[in-house]
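Notes follow the structure.
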Amino acid sequence: MAAPMRLRVLLFDVAVLLCFSANGSAGPLPLVINTWPFTNATLKAWSEIQTGSYLDALVAGCSECESQQCDGTVGYGGSPDEIGETTLDAMIMDGETHDVGSVGDLRRVKNAIGVARAVMDYTQHTLLVGESAKDFAVEMGFKEESLTTNRSAEIHSSWLQNKCQPNYRQNVSPDPTKSCGPYKPSSKLFTHRDFVKPIHRWNHDTIGMVVVDKDGKTGSGTSTNGLSHKVPGRVGDSPIVGAGSYASGGVGGAAATGDGDIMMRFLPSFNAVMMMANGDTPQKAAEKSIMPIIKAYPKFVGAVIAANTKGTYGAACHGLGSPFKFSVRSPDTPTVTVIEQPCI
Ligand code: SD4
């Protein structure tokens, strides 16, 4: 976006209004930036980066959201699937080495970002999924326990009472817009492109974080419980490299939140980092990364944050119905800062 952006800045504990330009903020390092006003996660990562590595900061920040069940959409006890189970997706990427660890459809282990880090540290693989990811986690010392809470059980039973609406099946019978399953393929296929998922602030958030250390080394991470009432086995964009997040040494990192079924078809985080590598500001790169998605899916709901290794950052969003809020901490912000980014 060429014209100056009006970014409203909300400061916690400090009554100061900062003005940001179209290019976001350029500040000294280190930098922690993450999706949504998950400020405790930002602060946890900020505290870790003072003495630890950027990878440790990512794990600490995302783990904080998992244990605090940020918005009910990160960690245990949220987004029950069709059978009422909470499953988790997470990833961590080291931009300096391009090492990645990720988990999809992780069951019965709370610390998904911790397991993702273990995949990176203790295997030569990139992505583990489902029951086998849980077995790996247990082998690596993570506790196996139920992720169901009273709240997630209630969400699931109201969904059943509501004839399983909203519902993500299509081309099946009985009609999934009116009835629960079990379903069978229907003889006729119809196009589903205009369908808008019931995604909003309180049912569908992900923590996506980029950390740049004081020497400009960078990494990215995500953690989410995905989408409420998803078809069991569904994995979103969050653990997919280049979709949920991406980082590249000497350039920067990006992370995404929103409709992962759509976003993973466009790799917006990878695109944002490549655009920064080609000279775009993080703000411009974030905007450009979601443009192809909007073109193909005009009702797309989601957002991308981006930061470069100099400490400049930006964000872009579409379809949220209100500005996208994201959290930042750097020596330039007197404390953790929540920025509101109007959507395209
Ligand atoms: C997913 N992208 O599983 C995640 C969820 C999310 O805002 O970010 N919601 O599709």
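The values are calculated or read from the model by the stated rules, or taken from the named source; none is laboratory data. Please read these numbers as outputs of a predicted model, since none were measured by experiment. As a convention, Cβ positions derive from the backbone with ideal geometry for all residues, glycine included, and neighbour counts pool all protein chains shown. Please note that ligands, DNA and RNA were not included when accessible areas were found on the heavy atoms of the full protein model with its side chains. Shrake-Rupley method; radii C 1.70, N 1.55, O 1.52, S 1.80 Å.
List, in order, the whole-Hz ³J(HN,Hα) value for each residue of segment 264-281 obtained from phi through the Karplus relation with A = 6.51, B = -1.76, C = 1.60 and θ = phi - 60°; use x for Gly and Pro.
Computed from phi, the couplings for segment 264-281 are 5, 7, 10, 6, x, 5, 4, 4, 4, 5, 5, 5, 5, 4, 8, x, 6, 5 Hz.
Calculate I(q)/I(0) for segment 84-159 by the Debye formula, one identical point scatterer on each C-alpha and no solvent, and give its log10 at q = 0.13, 0.15, 0.20, 0.23 Å⁻¹ to two decimals.
Here log10 of I(q) over I(0) equals -0.40, -0.50, -0.77, -0.92.
Which percentage, to the nearest 5, of the DSSP beta bridges contained in segment 229-328 is antiparallel?
Expressed as a percentage, antiparallel bridges in segment 229-328 total about 95.
Multiply the residue separation of A153 and D135 by 0.36 nm, subtract the distance between their alpha-carbon atoms, and state the gained length in nm to one decimal.
4.0 nm
Quick one: accessible surface of F300, probe radius 1.4 Å, all protein chains present, in square angstrom to the nearest 10.
Here the accessible area works out near 10 Å².
Taking 0.36 nm per residue of separation and subtracting the Cα-Cα distance, what length does fully extending N40 through E340 add?
That works out to 106.3 nm of additional length.
Keeping all protein chains in the complex and leaving out DNA, RNA and ligands, what accessible area do you get for D215 with a 1.4 Å probe, in Å² to the nearest 10?
The accessible area comes out at roughly 110 Å².
From the backbone phi of segment 293-299, what are the Karplus-calculated ³J(HN,Hα) couplings (6.51 cos²θ - 1.76 cosθ + 1.60, θ = phi - 60°) in whole Hz, Gly and Pro given as x?
Karplus values, whole Hz, x for Gly and Pro: 5, 4, 4, 7, 10, x, 9.
What FRET efficiency would be calculated for the residue pair N278, D332, taking the C-beta separation as r and a Förster radius of 35 Å, to the nearest 0.05? Walk me through the intermediate numbers first.
On the way: r = 25 Å, r/R0 = 0.72.
Efficiency at R0 = 35 Å is approximately 0.90.
Run the numbers for T97 and Q165: contour at 0.36 nm per residue of separation, minus the present Cα-Cα distance, in nm.
Gain in length upon complete extension: 20.1 nm.
Within the accessible area of segment 46-187, what % is carbon and sulfur when the probe is 1.4 Å and the other protein chains stay in place? Could the numbers behind the result be given before it?
Details: 3090 of 6420 Å².
C and S atoms contribute 48 percent here.
Report D for the chain in µm² per second (integer): Stokes-Einstein, Kirkwood Rh on Cα pairs, 10 °C, 1.306 mPa s. Don't skip to the end; give the middle numbers.
Values: Rh = 19.8 Å.
Using the Kirkwood radius from Cα pairs, D works out to 80 µm²/s.
Where the only charges are on Cβ atoms (+1 Lys, Arg; -1 Asp, Glu), what is the dipole of the chain about its Cα centre, to the nearest 20 debye? Write out the running numbers ahead of the final one.
On the way: 30 positive and 33 negative charges, 238 e Å.
Around 1140 debye, computed over the chain.
Restricting to Cα pairs below 8 Å that are 6+ residues apart, what does the relative contact order work out to for the chain? Please round to a whole percent.
The value is 25 percent.
What whole-number distance in Å separates the alpha-carbon centres of segment 99-115 and segment 236-269?
With segment 99-115 and segment 236-269 each reduced to a Cα centre, they are spaced 16 Å.
Could you report segment 215-293's accessible area per residue, 1.4 Å probe, as an integer in Å²?
Values: 2060 Å² over 79 residues.
With the other protein chains kept in place, segment 215-293 gives 26 Å² per residue.
Could you tell me which of the pairs K163/K295; K134/K217; K178/K230; K44/K310; K230/K288 are separated by over 24 angstrom between their Cα atoms in the structure shown?
K163/K295; K134/K217; K230/K288
So in the chain, what percent of DSSP beta bridges are antiparallel if you round to the nearest 5?
If I count the DSSP bridges inside the chain, around 90 percent turn out antiparallel.
Where the only charges are on Cβ atoms (+1 Lys, Arg; -1 Asp, Glu), what is the dipole of segment 185-331 about its Cα centre, to the nearest 20 debye? Don't skip to the answer; put the middle values down first.
On the way: 16 positive and 9 negative charges, 47 e Å.
Here the size comes out at about 220 debye.
Take every DSSP beta bridge whose two residues both sit in segment 21-175, then give the antiparallel share in percent to the nearest 5.
75 percent
Among P185, A256, S228, whose Cα sits farthest toward the positive end of the charge dipole of segment 163-304 (+1 at Cβ of Lys/Arg, -1 at Cβ of Asp/Glu, about the Cα centre)?
So the residue we want is P185.
Using DSSP loop states and a limit of at most 10 other Cβ atoms within 10 Å to flag trypsin sites (Lys or Arg not before Pro), what is the longest stretch of the chain containing no flagged site?
194-344
Could you name the aspartates and glutamates whose alpha carbon sits less than 16 Å from that of K214, not counting residues in the same chain fewer than 8 places away?
E48, D56, D94, E96, D332
Return the FRET efficiency for the residue pair K143, T123: r is the Cβ-Cβ distance, R0 is 25 Å, and the value is rounded to the nearest 0.05. Let's see the in-between values first.
Numbers: r = 20 Å, r/R0 = 0.79.
After rounding, the FRET efficiency stands at 0.80.
For helix 54-68, what angle does its Cα long axis make with the longest principal axis of the chain, in degrees from 0 to 90 and rounded to 10?
Helix 54-68 sits roughly 50 degrees off the main axis of the chain.
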